[in-house]
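The structure appears below as C-alpha cells.
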Amino acid sequence: MSDNSGRTVLVTGGSGFLATRCLAQALDQGYRVRTTVRNPARESGVREHVGAAGVTPGDALSFAVADLTSEEGWREAMAGCDYVLHVASPFPPRRPENEDDLIVPAREGTLRVLRTARDAGVRRVVVTSSFGAVGYGHPQTDRPFTEDDWTEVDNDVAPYIKSKTLAERAAWDFMADEGGAMELAVVNPVGIFGPVLGPDHASSINIISMLMNGDLPAAPRLYFGVVDVRDAADLHLRAMTRAEAAGRRFVASAGDAVSMHDIAMILRERLGEAARLVPTGVLPDDAVRRAAETDPEMRETAENVGKIRHLSSERARRVLGWNPRSSADTVTATAESLLRLGLLKADA
C-alpha cells in the first residue's frame with residue numbers, strides 16, 4: 001500500500017455503482033476518503049458495499065451530506081481535500097418529458113463541484129463523463145471514435161447523452177476561464193458492467209439480468225462498449241494522480257463495441273446450464289421498431305438498433321498504462337455475481 005495517508009480524496013455520490021469501487025480502491029491505496037450522499041441514512045449501506053468490495057474502511061472513510069442541485073454542504077465536503085472524483089450524475093429510470101430536467105442538474109451540478117473545489121484549493125478534479133459525450137449524433141462510420149471526438153448535440157440524441165455532453169463541455173469551458181491552478185481530467189466510460197455488490201447497481205447491469213432471466217425472445221441488434229467497474233475505478237485513480245492526465249479526457253472501454261448477441265453467446269459458452277434461458281437468436285430490427293410505436297421506453301432502443309459506434313481506448317492504455325479486463329471476462333463476472341447474490345429470477 002502506498003503512503004497516501006496524508007492525502008484526502010472526495011468522491012461524489014458514494015452510493016453509486018462506480019463510486020463505491022472508487023471509494024474501495026482509494027481506501028486500499030491508503031488515502032483518506034470522504035464521500036457525499038444526499039441522505040445520511042445511506043452511510044451504512046455504502047460502508048457495507050465497500051466492505052463487500054474487500055476493504056474495511058474504518059475511520060479512513062467519512063461522509064458529507066450534499067446534493068448536486070444545492071449549494072448546501074459542498075464547501076464543508078471539499079474542506080482539506082487534495083483530489084475530487086466527481087462521479088455523481090443524475091440518471092433517470094425513464095426518458096424525461098423535458099430534457100432540461102436532466103441537462104440542467106448535470107451541467108450545474110458539475111460546475112458547482114468545480115467551483116467549490118477550486119475555492120477549496122483542490123489540486124485536481126476527475127469528472128466522470130461518458131462515451132455518450134464522444135460518439136453520438138454522427139453518421140455511421142468505420143473509423144473508431146476517440147477522445148478527439150465530441151457528440152453532436154444538435155442532431156437527434158437522447159437527453160441523457162445530451163446532458164453528459166453539455167456537462168463535460170461546461171467543465172472544460174470553466175477550466176479555461178475560471179479554473180485557476182486547479183487541474184481537470186475526464187474519464188468517458190462506455191457501458192459499466194462487472195461484479196455487483198448488491199441489488200443497487202448500474203442500469204447497464206439490467207442487460208445481463210434480462211438475458212440471464214430469459215426476458216428477451218432474442219437479442220436485439222444493439223452494439224456498445226463494455227468496461228468492468230473495477231477497471232473504470234482504476235482509470236479514475238490513474239487520472240487523479242498521473243501528471244500526464246492533466247487537461248485530458250480518456251475513453252474507458254475494454255475494447256471495441258460488442259453486440260448484445262455476442263454477450264449472449266459469451267454467457268452461453270462460459271456459464272453453461274446457468275445460462276440456459278439466454279436467447280440464442282437475433283431479434284429483427286422491425287420487431288424493435290414496432291415495439292417502440294406503442295412503448296415510449298423502447299424509443300431509444302429503436303433509434304440505436306443496428307448502429308455500431310466503433311471506439312478506441314488506446315490513449316488510456318498508452319498514457320496511463322491502463323490494462324482493463326476483456327469484455328468477455330467482464331460479462332462473465334457480472335453474471336456470476338448476480339447468480340451468487342441471488343439477484344436473478346428463481347428459475348433462472
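Read the figures in this text as sums done on the coordinates, not as results from a lab. Nothing here was measured: the structure is a model prediction, and the numbers come from that model. Because the Cβ atoms are built from the backbone with ideal geometry, glycine has one as well, and the counts that use them run over all protein chains shown.
Quick look at the numbers
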read-out	value
Pick from segment 293-322, criterion surrounded by fewer than 17 Cβ atoms within 10 Å (Cβ to Cβ) and without any contact (Cβ under 8 Å) to a residue 24 or more places away in the chain, ranking: nearest to the chain's Cα centre (by Cα)	317
So residue 257, is it within 23 Å of the chain's Cα centre (by Cα), surrounded by 15 or more Cβ atoms within 10 Å (Cβ to Cβ) and without any contact (Cβ under 8 Å) to a residue 40 or more places away in the chain	no
Residue 131, sole failed condition from (1) within 14 Å of residue 310 (Cβ to Cβ); (2) in contact (Cβ under 8 Å) with a residue 40 or more places away in the chain; (3) of a type outside the set (Gly, Ala, Ser); (4) surrounded by fewer than 17 Cβ atoms within 10 Å (Cβ to Cβ)	(4)
Residue among 55, 50 that alone is surrounded by 16 or more Cβ atoms within 10 Å (Cβ to Cβ), touching a Pro at 6+ places or on another chain (Cβ under 6 Å) and more than 26 Å from residue 300 (Cβ to Cβ)	50
Residue identified as surrounded by fewer than 19 Cβ atoms within 10 Å (Cβ to Cβ) and in contact with a Ser or Thr (Cβ under 6 Å, 6 or more places away or on another chain) among 96, 144	144
Single unsatisfied condition, residue 209 versus (1) out of contact with any strand residue (DSSP E or B) (no Cβ under 9 Å at 6 or more places or on another chain); (2) part of a loop (DSSP other than H, G, I, E, B); (3) touching a residue at least 60 places away in the same chain (Cβ under 8 Å)	(2)
Flag for residue 116 being part of a helix (DSSP H, G or I) and farther than 14 Å from residue 23 by Cβ	yes
Looking only at segment 147-178, and only at residues there that are of a type in the set (Gly, Ala, Ser) and part of a helix (DSSP H, G or I), the one that is surrounded by the fewest Cβ atoms within 10 Å (Cβ to Cβ)	176
